[in-house]
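Asks: One structure, pasted below without further comment.
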Amino acid sequence: MDDGTQYQLHVRLTEGEIATLEAMGDVIRFPKGNILMGEGETTTFVLLIRKGHVKVVAGTPRRVVAIRGPGDLIGEMAAIRNKPRSASVFALEDVEALHLSASKWFSFLETNFRATLALIYTVQERLAESTHLTVESQLAGAQKLAKALVDLCTKGLGVTSAGKTTLGFSQVDLAELAGISTDSVKKIVRPLREKGILSVGRQTITVLDLAKLESIARGDTPTS
């Protein structure tokens with residue numbers, strides 16, 4: 001019988017669970033730009049990100065559907081479903097990950113009920129992310145780009161100094177992240193540069209005014 005008590009599930013792996021996995025897997029490293037796993041592959045290994053961030057890319061044209069970082073699992077559902085991978089994963093920076101075979105991943109889940117519950121919760125969260133992306137696809141290009149840039153800043157993927165955050169992403173990268181064309185990115189960035197919100201360098205973009213960018217992402221401020 002339900003006693004009305006609300007329980008808060010710790011949805012990330014605990015230190016004890018990570019220690020268990022560390023004893024079962026092998027640490028591997030991927031230089032920036034390298035592929036960790038490819039869409040359509042029939043491999044079944046699982047990776048636990050220890051250091052660095054990765055982008056999850058799917059579809060044609062390619063669209064960045066998620067960014068994952070330390071403590072996140074990738075590839076865990078392909079191991080369970082034994083189906084081809086639904087997305088490719090690339091290192092956004094130098095990445096260190098724990099490699100687990102499917103058999104070791106199954107063994108871990110069979111003996112760690114709490115972690116299995118957390119995995120179910122994570123799957124539901126990622127389904128919600130996918131739905132959110134579908135809704136965002138209807139937004140104007142400027143709002144999509146602003147949301148992508150704000151997301152990168154809040155995930156700590158840039159170098160921040162004196163209130164400015166420099167991100168190591170080209171305009172082609174930003175097009176993938178926002179789900180718009182490279183030409184659209186160039187057109188959107190131009191007025192943002194003129195207004196002192198962004199500056200663009202070689203393979204970098206610097207957020208000069210995060211508050212204004214957040215306002216554009218919410219749809220509160222026009223870009224032109």
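Asks: Report, by residue number, each residue of the stretch 171-205 that is surrounded by fewer than 17 Cβ atoms within 10 Å (Cβ to Cβ) and of a type in the set (Ser, Thr, Tyr).
Replies: SER181, THR182, SER199, THR204
Asks: A further question on this structure: Within the set of pairs 6+ apart or on separate chains, which have a first residue in the stretch 84-95 that is assigned by TED's automatic domain parsing to the domain that holds LEU48, a second that is basic (Lys, Arg) and buried (at least 19 other Cβ atoms within 10 Å of the Cβ), and C-beta atoms under 9 Å apart?
Replies: Note: pairs meeting the criteria are SER88/LYS55; VAL89/LYS55; VAL89/ARG68; PHE90/LYS55; ALA91/LYS55; LEU92/LYS55.
Asks: Now a separate question. Can you name the number of the only condition in (1) loosely packed, with under 13 Cβ neighbours inside 10 Å; (2) under 20 Å from the mean Cα position of the chain (by Cα); (3) at pLDDT 90 or above that ASP26 fails?
Replies: The number of the failed condition is (2).
Asks: Additional query: For the stretch 147-181, which residues satisfy the criterion of being assigned to a strand (DSSP E or B) and under 16 Å from LYS32 (Cβ atoms)? Talk me through it step by step, then tell me what you get.
Replies: From the stretch 147-181, those assigned to a strand (DSSP E or B) are 158-161, 164-167; that's our starting set.
Of everything in the stretch 147-181, those that are assigned to a strand (DSSP E or B) and under 16 Å from LYS32 (Cβ atoms) turn out to be GLY158, VAL159, THR166, LEU167.
Asks: Quick one: which strands (runs of 3 or more DSSP E) lie wholly within the stretch 11-110 and hold at least 1 residues that are not aliphatic (A, V, I, L, M)?
Replies: Strands (runs of 3 or more DSSP E) meeting the threshold: 26-30, 46-51, 54-58, 63-68, 88-91, 95-100.
Asks: In the stretch 78-94, what residues are of a type outside the set (Ser, Thr, Tyr) and surrounded by 17 or more Cβ atoms within 10 Å (Cβ to Cβ)?
Replies: Within the stretch 78-94, ALA78, ALA79, ARG85, ALA87, VAL89, PHE90, ALA91, LEU92 qualify.
Asks: Taking the condition of being closer than 19 Å to LEU119 by Cβ and touching a residue at least 40 places away in the same chain (Cβ under 8 Å), how many residues in the stretch 67-77 meet it?
Replies: Here the count works out to 5.
Asks: Here is a follow-up. Please indicate, with yes or no, whether at least one residue in the stretch 176-184 is farther than 22 Å from THR60 by Cα and at pLDDT 90 or above.
Replies: Narrowing the stretch 176-184 to residues farther than 22 Å from THR60 by Cα: none.
Checking the stretch 176-184: not a single residue is farther than 22 Å from THR60 by Cα and at pLDDT 90 or above.
Asks: Separate question: Considering only residues of the stretch 188-207 that are charged (D, E, K, R) and part of a helix (DSSP H, G or I), which is farthest from the chain's Cα centre (by Cα)?
Replies: Filtering first and then ranking leaves GLU194.
Asks: From the list ILE197, ILE188, which residue is β-branched (Val, Ile, Thr), more than 28 Å from ALA58 (Cβ to Cβ), out of contact with any strand residue (DSSP E or B) (no Cβ under 6 Å at 6 or more places or on another chain) and at pLDDT 90 or above?
Replies: From the options ILE197, ILE188, the qualifying one is ILE197.
Asks: ALA118 is checked against (1) at pLDDT 90 or above; (2) surrounded by 14 or more Cβ atoms within 10 Å (Cβ to Cβ) and fails just one. What number does that condition carry?
Replies: Going through (1) at pLDDT 90 or above; (2) surrounded by 14 or more Cβ atoms within 10 Å (Cβ to Cβ) one by one, ALA118 breaks only (1).
Asks: I'd like to verify a number: residues in the stretch 136-146 that are surrounded by 15 or more Cβ atoms within 10 Å (Cβ to Cβ) and part of a helix (DSSP H, G or I), how many?
Replies: Matching residues across the stretch 136-146 total 6.
The values are calculated or read from the model by the stated rules, or taken from the named source; none is laboratory data. Computed from a prediction, not measured in an experiment: that's the story for all the values here. Every residue, glycine as well, gets a Cβ built from its backbone with ideal geometry; the counts of neighbours run over all protein chains shown.
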